[in-house]
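Taking it in order: structure first as structure tokens, then the write-up.
Every read-out reported here was derived from the displayed coordinates using simple, explicitly stated rules and does not represent laboratory data. On a predicted model such as this, the values are computed, not experimentally measured, just so you know. No Cβ is skipped: glycine too gets one built from the backbone with ideal geometry, and neighbour counts run over all protein chains shown.
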Amino acid sequence: MESDIKLIDEAGKRLDGRKIDELREIKIEAGVLHRAEGSCYLEWGGNKVVAAVYGPREAIPKHTQDPLKAVVRARYNMAAFSVDDRKRPGPDRRSREISKVTSEALEKIVITDKFPRAAIDVNIEVLEAEAGTRCAGLTAAGVALADAGIPMKDIPVACAAGKIGSHDENGNKKGGYVVLDLGKKEDNFGDADLPIGISPRTGEIILLQMDGHLTLEEFDQALDLAIKGCKIISEIQKKALLDKYQIDLEVN
Ligand code: ADP
């Protein structure tokens, strides 16, 4: 992740005009699909993601059942048209990895022992991708699970922080800034990306991945910043759910 382009200026202003601790714009809507038990549509910068929850229902095939608890099966998929160069449809290494870490993150939050032998399916479809889709997917999944009424300890939320290089007046690379929520160019040409997922109430970390290099000090700084981002997004999640159920209450 070597940087050749100028991602941040001397005043700490980023390519898209954001400050170092500023998120891209986020919009969340709960309950957008009628055939799913719970669903969510989320826009986060240039990312557009739908999450749909089905279940709890009997896990099939039977050998996937756990007699003591439900299995949470997240499936992350990027649409072929979600990126500039058409993406080859179907699962690949990256989408399998994201599905796995998302399933593991959700299993830490869903109260699975209420539904022995069941499966809870969480489908995450990325319609447009512009960096940070695993965080967008996990955040949307949290809202969709809450919309489905699945018992959870909390509503999971995710956000990344990272490091982007800065340049001196001669254009030579020097140092870098730890920043919140990398955009596409920052992800491509930055030095590091640290996506995390948390339970916002307890602060428990349910997902943590890292790409690139950070010193220990930068890691701590990035972690703190990402947690701050998660807490802001958590409020947007709650508002989306309140908005939906408020309308339902008013109509009925
Ligand atoms: P995340 O989306 O969670 O940041 P990555 O760091 O793996 O995950 O991907 C960063 C970005 O790279 C994605 O959001 C997407 O915009 C782009 N990208 C990922 N996979 C592909 C692909 N197969 N073709 C084109 N662009 C891709």
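Going by the conditions given, is residue 164 buried (at least 16 other Cβ atoms within 10 Å of the Cβ), touching a residue at least 60 places away in the same chain (Cβ under 8 Å), more than 15 Å from the ligand (Cβ to nearest atom) and among the aliphatic types (A, V, I, L, M)?
Details: buried (at least 16 other Cβ atoms within 10 Å of the Cβ): yes; touching a residue at least 60 places away in the same chain (Cβ under 8 Å): yes; more than 15 Å from the ligand (Cβ to nearest atom): no; among the aliphatic types (A, V, I, L, M): yes.
Answer is no for this residue.
Out of the residues in the range 172-231 meeting the condition of being in a loop (DSSP other than H, G, I, E, B) and buried (at least 17 other Cβ atoms within 10 Å of the Cβ), tell me which one is nearest to the ligand (Cβ to nearest atom).
Taking the candidates together, the pick is 182.
Tally the residues that are more than 17 Å from residue 55 (Cα to Cα) and either without any contact (Cβ under 8 Å) to a residue 60 or more places away in the chain or aliphatic (A, V, I, L, M) (or both), restricting the search to the range 108-126. Before you say what the answer is, go through the steps one by one.
Filtering the range 108-126 down to residues more than 17 Å from residue 55 (Cα to Cα) leaves 108, 125-126.
Pick out the ones that are also either without any contact (Cβ under 8 Å) to a residue 60 or more places away in the chain or aliphatic (A, V, I, L, M) (or both) and you get 126.
So the count comes out to 1.
Kindly establish whether residue 174 is among the basic types (Lys, Arg) and under 25 Å from residue 235 (Cβ atoms). Outline the logic, then answer.
Working: among the basic types (Lys, Arg): yes; under 25 Å from residue 235 (Cβ atoms): no.
When the stated conditions are applied, residue 174 does not pass them.
Cβ-Cβ below 8 Å, separation at least six or inter-chain, first residue in the range 127-148 and β-branched (Val, Ile, Thr), second part of a helix (DSSP H, G or I): which pairs?
So the pair list comes out as 133/98; 139/233; 139/237; 143/237; 143/240; 143/241.
Specify the residue that is surrounded by the fewest Cβ atoms within 10 Å (Cβ to Cβ); the eligible residues are those in the range 123-145 that are within 6 Å of the ligand (Cβ to nearest atom) and aliphatic (A, V, I, L, M).
Once the filter is applied, the top-ranked residue is 129.
Between a residue in the range 83-107 that is near the ligand (Cβ under 9 Å from one of its atoms) and any residue that is among the small types (Gly, Ala, Ser) and part of a loop (DSSP other than H, G, I, E, B), which pairs come within a Cβ distance under 6 Å, given they are 6 or more apart or on different chains?
Once the first residue is near the ligand (Cβ under 9 Å from one of its atoms) and sits in the range 83-107, its partners that are among the small types (Gly, Ala, Ser) and part of a loop (DSSP other than H, G, I, E, B) give 83/129.
This table checks each residue for (1) among the β-branched types (Val, Ile, Thr); (2) in a loop (DSSP other than H, G, I, E, B).
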residue	(1), (2)
120	yes, no
131	no, yes
135	no, no
140	no, no
154	no, yes
160	no, no
165	no, no
